[in-house]
Amino acid sequence: MRTRTKGMAGSLSAAVGLFAAHAALADTPEHQAAELARFLRYAGSPVGEFRMVDVFQTQIVGERNVVVWPTINQAYLIAVDKTCSKLEWAHGFAVTREMSMKVTTKFDFIEFDHQRCKITEIRPVDYKAMLKDDKKAATQPSGAT
């Protein structure tokens, strides 16, 4: 069974809407580099696939990287091949799911602006730990470490 998130208009619309609201910050190379570094600190070892029934949220974090949340508490850092051009300037993207309810490095792509970019790496992000650390940092006095 061949399915794509972009074929699910409601899901993609929600993901693109969330991305568009965040686009004002995410379109600078400096912000994307900072976000990529932040996600890399919490990224685990590469995996071949992850389960995705729907898209909760997406974020572009550089020339070759995006983050996809299939649920509110799960995030995956995805890298695409070097032939992709200008992903960092895309106004949204779709994630293919050639295998029903799974995104894989073997069969799937990130699609945007008439490009189809092969997924080369998927890394689960310890998103709960990241949020916990962000909250902890936000409550510390500005001079504390």
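The values are calculated or read from the model by the stated rules, or taken from the named source; none is laboratory data. These numbers were taken from a predicted model, which means no experiment stands behind them. With ideal geometry, Cβ positions are generated from the backbone for all residues, glycine too; neighbour counts draw on all protein chains shown.
This table checks each residue for (1) outside any loop (DSSP other than H, G, I, E, B); (2) more than 24 Å from residue 132 (Cβ to Cβ).
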site: 45; (1), (2): no, no
site: 53; (1), (2): no, yes
site: 63; (1), (2): no, yes
site: 66; (1), (2): yes, no
site: 70; (1), (2): yes, no
site: 78; (1), (2): yes, no
site: 88; (1), (2): yes, yes
site: 91; (1), (2): no, yes
site: 95; (1), (2): yes, yes
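Yes/no matrix, rows are residues, columns are (1) out of contact with any strand residue (DSSP E or B) (no Cβ under 7 Å at 6 or more places or on another chain); (2) not aliphatic (A, V, I, L, M):
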| site | (1), (2) |
| --- | --- |
| 58 | no, yes |
| 61 | no, no |
| 96 | no, yes |
| 109 | no, yes |
| 117 | no, yes |
| 123 | no, yes |
| 128 | yes, yes |
| 133 | yes, yes |
Please verify whether residue 40 is within 13 Å of the chain's Cα centre (by Cα), within 14 Å of residue 123 (Cβ to Cβ) and part of a helix (DSSP H, G or I), treating the condition exactly as stated. yes
Of 144, 129, 138, the only residue that is at pLDDT 95 or above and not charged (D, E, K, R) is 129
Does residue 90 satisfy being farther than 17 Å from residue 38 by Cβ and at pLDDT below 95? yes
